[in-house]
Every structure is written in structure tokens, then in C-alpha cells.
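Novice: Here it is, the structure, as C-alpha cells.
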Amino acid sequence: MNDLAKDSMTASSNRSQRLDFNTPALLRKRRMRALKDRLAHWYVSIGGLAVLAAITLIFFYLAYVVMPLFSGADLEARKPQQPAWLAEQGEALLLAVEEQNKVAMRLNSVGHVQFFALKDGTALNSYDLAIPAGTTITSASEGAPGSRRIVLGLSNGQVLLFRQNYAVSYPNNVKTITPVLQYPLGETPIDLDPQGRPLEHVAVNQNGDTVLFSASTGAELHVLSLTNEENEFTGETSQEQTRIELPQIAEPIKALVIDPRQQWLYVFNGKATADVFDLRSNRLNGRYNLLDGEAEVTTVSPLLGGISLLIGDSRGGIAQWFMVRDKDDKSAFTRIRDFKLGDSPVTQFMPEERRKGFMALDAAGNLGIFHSTAHRTLLVEPVAEGASVAALSPRASRVLVESNGQLQTFAVDNPHPEVSWSSLWGKVWYESYDEPKYVWQSTSANSDFEPKLSLSPLTFGTLKAAFYAMLLAAPLAICAAIYTAYFMAPAMRGKIKPVIELMEALPTVILGFFAGLFLAPYVEGHLPGIFSLLLLTPIGILLAAYGWSRLPERIRLLIPDGWEAALLIPVILLVATFSLSMSGHMENWFFGGDMRLWLSNDLGIAFDQRNALVVGLAMGFAVIPNIYSIAEDAVFSVPKSLTFGSLALGATPWQTLTRVVILTASPGIFSALMIGLGRAVGETMIVLMATGNTPIMDMNLFEGLRTLAANVAVEMPESEVGSSHYRVLFLSALVLLSFTFVMNTLAEVIRTRLRKKYASL
């Protein structure tokens, strides 16, 4: 009895020892676990907040770089100047400013040229032009913007051409700008009107070795072409003069402009009429009515490059016109866009020498800053009443205005005039285009280039690439995920799932390299086989499944449940081998030996080797692992109790899949699709190497494209920091980030609603 009592007491003591959870070791372990839990909690929380903060900072940084694009222009007045020489030299005909904003030029009505310091008006060099005695200046005109050529029409029917130039030297390491005058055709004036009548209007243009003059006396035109020819043997230069006879004008002429290619002569006459002459055929192209009502044309000037003309009227309106080819391949003078300066007549245009912008001055002293391509009015501000003449510096950073015997200088801050919402997202009628279009062409070797910064073709290309990639990837990935998670044997699933997920580790640059150098030419050479493969693969799988279902049950039972998919591997290989091997024969039988030419010639479908089909195949392959992995986990995570309950109630496996499993897993499947779409939208290297990077808006499967991400990768290294091009590329990144953010937010909202809807299953 005592032994039993001792055993009982020993057992009780052991139990009490085992149930003691407050030993020092356990207490230390619990404290350490609690510490780790707190550290993990803070680590995850801080990491998540850091990610959100980083994304927010990226967004605000992009916005910070982009915001200056949409700011207007600023005008800052400097102290007016009234130098002593100004009152002595009479009325001004022209003003000009050199590139460094150090020296300015003033030409008066008697042919005296005065150079002076722009900062304080100090007189520098002065010249008297080589005007014959007894003659006066009756008209004056500048050549193309940036040419520095000025032509004068004289009272004896002659013209004099001179050019302002600025020599830069560094005596004693001090930069010195010395203004000089040059006479490209000599100091002797050139006879233009044989009758010696005063030239009321004059124009000049130089194209290579040919200088073309045009002048008017009343309603009569005079056109003279001077060509310098060099003898290859003696080296002597001779000058050939050719007079061009044109039909007479019905009304007095107001202004003349010569096309820079010397093809068109624009003659503005009457109140608001323009006669356009083709100088290559010496014929009248057409007579165009420029304005409605009682308004009159008051001033005309070419834009940079000379293709577009700016026409100001007596009501303060400004219109841009240029020649456009119609459907019959005939050129017509066409009104493109309009601006509004004020209610007073426009008196002078000052086109920029490096951009398609311009400034305009009206009779009330209002100065307007505009940009033609962006169709943007950046500033309208009064500068001086009674302003007679003004000049814009080559860098468009200074404006010099003469009014009431004073010289007034204004500093201009106008860094990004070529960007507007309409130029970024709308159709724009660019120079030499037959209609408004969406175009991205940011750079050119020509200094007269008109930047085309439309983001529409880039955004379209991004969505097009994502669409074709998802068209291939989404059905394959979702169906594979459902089969793997629901029907496949666990042992086989354990091998298939890691292999597919391993595809995601393949660098996209390798995929892009493979797609551009191998897949694109292979697809071009095997188009019938590729399309046959896409069509015959599902048919072959269905036929194989039907044939398998017709086999005796004893044969079908030889394959364990969930391993039937392995039987499709030889089926797919046979279909692929058959389709690709028959590609050449089908091309000969149905497409005349070349399917690409058949598409282009017979169907009118353009074909580019690096096209959306190649992108869809390559990028679809890259996107499949993302969609598959998430969707497979979502389907596999559906509680087995739901599946077993459905089957127990008499539903077939297919009914259970479609009415229970997929509905329950739909939030995860939808998330997989959205993440795959986000991956496709943001993909860079594949579309960079496999698309041809042609920014066109065409849904054609066989045409190339350019995406926002690829465009940033291609052009960012060559863009000037702080330029409009640079900031528009940042705007592309901001658009891509915003699109991804909106898409993911929308996906999360839909996913949450789906989860609430099917939570009761």
C-alpha cells in the first residue's frame, strides 16, 4: 500500500513538473518569440510604408519634372533706353538682335545701319549702305528666319541685298563681338524693274547657289533668278540672270513671300486675296480668299522653314496657311489653324529661328507669344503704345521694341511652347502633311524640323502589344492553372508547376534577342505553318480526346487518374511538325509561293517582319508564368470541403469546377490577369527588340509598334536634360505609372467585390 502511495505521489510530482510553463527557459523563449513577433510586425509595416512612400515619391518626382511643360511664357521689362543717336537717325525700318543678346542692329529709312549694345544702347559700328545717289528706300524685307539677309527695294527699280554678321574674337581673353555688314552679291544694286519704277514690295530667298528676287510695282510682278556657276577648269565664277514671266495681278499687291525651295511665290493683293504661282511651270496655282467680311490682310511672314505663312488681319486675327496636296495630288493653299491677338490690326510678326513659335505685335502695342504646332497662345501682354518696329533674338530670349523715340528691351522666358494637350493627345496637322495625324517624331537632322510629340501612337502601341500578348497568354495560362490545380495528379503537379514557374526566371532581354533575330524571320518565312499550328492545335487536342474516350475501358484504366495530360505531348508535337513541314507547300498551293506578298498585293495588308504577331508570341511566353502561378494557387486554395460537398450532392466534376471552384477562385484568377496585363504593359526589352519601334496607329497584326516603355529606353539617352523632349519622355513614364496605378486600383476593387459575392459558397 505504501508502494502504491509512493508511485502515485511520484506520478503526481512528474505531472506537476511537466505542466510547469513558467520555467526560466520557457520564459526566455516566450520573450524572444514576442520580441521576434514585434520586430517582424514593425519590419513588415515599415517595409510596406517604405514601398508606398517610394512609389509616392516617384510619382511626385515625375510630376515635378513634367509640370514645366504646361507653364506659360513670362515677359520681364527692362529699363527703357533713349540714346542720343536714336533721335538723330530718323524712322526705323528694321531691328535685329544677335544670338548672344549683346549687340543689336537698327536700319533707318535712309539706309543707315547702326549697331549698338543691347544692354545700355551704346553706339558701336555704323554703316551707310551702298545706295545710289538720288535714290531712296521704298521697301525692305528680311529673308528666311535665321538667314540674316535683308533686301531693300529702291526708288529706281533696283534691289540691294546685304547680310548682317557678327565676328567673335578674344583679345586679352575677353570675348568681343564685332558687327559687320556683308554684300553677298556685291555692293552694286541689281536691276529688277526695267522701267526703273519704285519697288513697293520686295522679297528674297536663297536656295543653294540660286538667289531669287521678287518685287512689285502696283499690280505688276518682277521675278529675277541669279545663279552662280563655277568653272571646273579655271575656277572662275559667273553669274547667270533669268527673268521669270508670270501672269499679271488684277489688284495692287500688299506683300510677297517666296517658298524656301523656290517652288511657290505667294502674292497677297486686294483686301484679302492671295495668288499662288508655281515658279517651276510659271503658272498660277490658284487664287485664294483669305478672310471673310470686311477684314483686310495687314501683315504676312513665313515661319521657320518657310513652309507655313502667318497672315495677320485688321481684326487682330492670325491664321497659319501652307500648301497641302489633295486626293488628286494637286497642291492647294490651305488654312490650318487660327490665333487671336486682340481687336487691333496685327502690324508685325517675329518668327523664332529655332522653333515653330512666333511673336506678334498689333497697333495697340500688344505683344503675343504663340506656337503654331501646339496651337498654343502662351502670352498676350501690352508692351508699348505706338510701337513702330520690334525684333526677336535668335534664341527667342529677348524682344527689342522701338516706340515713341525709346528702345525697350524685354526678357522672355518661354522654355516649352511646343507642348500642349492637343499636341500630345490630339490629331495635329503638321507641315507638308495632307491631313491631321497622330505622329511621334521627336528629332531630325534638319534645323527647320517641326517636332511631333504625340503620345497617342505610343499609348496605342503599348495597349496593342499588351492585347496581343494577353490574347495568347491568358487562355493558355488560366486553362493550364485550372487543369493543374483541379484535375492533375499531385505527383505530376509537383513536376509541372515548378517548371512553368521557372520560365519566369528567363531574362526578357534574352527573349527579346531571340524574338528579334530568330523568331521574326522564322515567322515571316513560315506564315502558313504558324497559322495552321494555331488552328490545328486545339482541333488535334479535341480529336485526341475524342479518340481516347472511344478506347476500351481496360486500356484507359492503364493510365492513372490525373496523368492523362501527358498523352497530349506527342499530339502537340505531331501537329506542330505537320503544320510547319507543310508551310512551304501551302504557300505554293494557296498564296502564289509567297504569303507575305499575297497579303500586301492582294489584300492590301502591310507586312513588317518585326510585328505584333512576333511580340504576341514572345511577350505572351513571358507573361504566362505570372498568370499561371497566381491563378493556379487561387484554384488550388479553394477548400476541399466545397469540392467534396458538391460532388456528394451529385454534381459532376465539371459542374463542380464551373459552378463552385472557378467562382470561388475568381478573385485570384482576376488578380492574375491584371498582374499579367500590368507586366505586359510595362515590358520594355521584348518590345524594344522585336517590334521595329515604328510609332504608328494600326491594329494590323503584321505591323510594328512602339510602346511608352520602349520609347523611354530608346530616346532618353539622346535627349537634352531639361528640354521639352526630355520632359515629354518623363511624361510618358508618368502616363505609364498612372495607367498601372489606375488599372491595379480597379482590379483590387473588382477583386474585393468578387470575394464578397462568392464568400458564401
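Rule-based calculations on the coordinates, nothing more; no lab input. Fair warning: this is a prediction, and the values are worked out from it, not measured in the lab. Counting neighbours? That spans all protein chains shown, and the Cβs are built from the backbone with ideal geometry, glycine included.
Novice: What lysines could a cross-link reach from Lys254, if we take a straight Cα to Cα line under 18 Å and drop same-chain neighbours fewer than 8 places away?
Specialist: Result set, ordered by chain and number: Lys271.
Novice: A further question follows. Given the options Ser637, Ser281, Ala374, identify the residue whose Cα lies farthest towards the positive end of the charge dipole of the chain (+1 on Cβ of Lys, Arg; -1 on Cβ of Asp, Glu).
Specialist: Working it through, the farthest residue towards the positive pole turns out to be Ser637.
Novice: Where a ≥ b ≥ c are the square roots of the eigenvalues of the C-alpha gyration tensor, would you call region 456-726 rounded, which needs a/c under 1.5, or, failing that, prolate if a/b is larger than b/c, or oblate?
Specialist: Oblate shape, in that a/c is at least 1.5 and b/c is the bigger or equal ratio.
Novice: Please report how far the C-alpha centroid of region 586-658 lies from that of region 303-358, rounded to the nearest whole angstrom.
Specialist: Rounded to whole Å, the Cα centres lie 53 Å apart.
Novice: Please determine, in degrees from 0 to 90 and to the nearest 10, the orientation of helix 612-636 with respect to the longest principal axis defined by the Cα atoms of the chain, where the helix direction is its Cα long axis.
Specialist: 40
Novice: Dipole of region 371-434, Cα-centred, from +1 at each Lys and Arg C-beta and -1 at each Asp and Glu C-beta, to the nearest 20 debye?
Specialist: Charge dipole of region 371-434: 140 debye, to the nearest 20.
Novice: Given the -39500 (n - 2.57) contribution per DSSP H run of 4+ residues, what per-residue ellipticity at 222 nm results for the chain, rounded to the nearest 500 deg cm²/dmol?
Specialist: The helix contribution divided over the chain gives -12000 deg cm²/dmol.
Novice: For region 290-337, calculate the relative contact order in percent as a whole number, restricting contacts to Cα pairs under 8 Å that are 6 or more residues apart.
Specialist: Reported as a whole number, the value is 24 percent.
Novice: Applying 1/(1 + (r/R0)^6) with R0 = 56 Å to the Cβ-Cβ distance of Arg30 and Ile58, what FRET efficiency is obtained, to the nearest 0.05?
Specialist: 0.85
Novice: Using the beta-carbon distance between Asp561 and Phe518 and R0 = 41 Å, what value does 1/(1 + (r/R0)^6) give for FRET efficiency, to the nearest 0.05?
Specialist: The formula returns an efficiency of 0.55 here.
Novice: Give the angle, between 0 and 90 degrees and rounded to the nearest 10, that separates the Cα long axis of helix 527-550 from the longest principal axis of the Cα atoms of the chain.
Specialist: The two axes meet at around 20 degrees.
Novice: Also, quick follow-up: Report, in debye and to the nearest 20, how large the dipole of region 456-726 comes out about its Cα centre when Lys and Arg carry +1 and Asp and Glu carry -1 on their Cβ.
Specialist: Roughly 1020 debye, rounded to the nearest 20.
Novice: If you take the square roots of the eigenvalues of the alpha-carbon gyration tensor of region 531-680 and sort them as a ≥ b ≥ c, do you get rounded (a/c under 1.5), prolate (a/b over b/c) or oblate?
Specialist: Oblate.
Novice: Defining a contact as two alpha carbons under 8 Å apart and six or more residues distant in sequence, what relative contact order in percent does the chain show?
Specialist: Computed over the chain, the figure is 10 percent.
Novice: Rounded to whole Å and sorted largest first, what semi-axes of the equivalent ellipsoid does the C-alpha gyration tensor of region 599-690 yield via the square root of 5 times each eigenvalue?
Specialist: For region 599-690, the semi-axes come out at 40, 17, 8 Å.
Novice: Cross-link candidates for Lys102: which lysines have Cα within less than 20 Å, leaving aside residues fewer than 8 places away along the same chain?
Specialist: Of all the lysines, those that pass the test against Lys102 - Cα under 20 Å, at least 8 places apart if same chain - are Lys79, Lys119, Lys175.
Novice: Explain nothing, just the number: relative contact order of region 456-726, from Cα pairs under 8 Å at least 6 residues apart, as a whole percent.
Specialist: Answer for region 456-726 is 36 percent.
Novice: What translational D, rounded to a whole number of µm²/s, comes out for the chain from Stokes-Einstein when the hydrodynamic radius is the Kirkwood one over Cα pairs, at 37 °C and 0.692 mPa s?
Specialist: This corresponds to a translational diffusion coefficient of 99 µm²/s.
Novice: Compare the peptides 27-38, 549-560, 243-254, 308-319 by average per-residue count of other Cβ atoms within 10 angstrom and give them in order, highest first.
Specialist: Final packing ranking: 308-319, 243-254, 27-38, 549-560.
Novice: At Ile177 and Asn404, where each label point lies 7 Å from the Cα along Cα→Cβ, what is the point-to-point distance in nanometres?
Specialist: 2.8
Novice: So what is the diffusion coefficient of region 436-559 in µm² per second by Stokes-Einstein at 10 °C and 1.306 mPa s, using a Kirkwood Rh over Cα pairs?
Specialist: 81
Novice: May I ask you to derive the FRET efficiency for Ser71 and Asp594 from their Cβ-Cβ distance with R0 = 45 Å, giving the value to the nearest 0.05?
Specialist: The pair Ser71/Asp594 has a calculated efficiency of 0.25.
Novice: While we're on this one: log10 I(q)/I(0), Debye, Cα-only region 665-729, no solvent, q = 0.14, 0.19, 0.25, 0.28 Å⁻¹?
Specialist: Each listed q maps to, in turn, -0.56, -0.82, -1.03, -1.12.
Novice: Something else: Could you pull out every one of the aspartates and glutamates with an alpha carbon less than 14 Å from that of Lys327, ignoring same-chain neighbours closer than 8 positions?
Specialist: Asp434, Glu435
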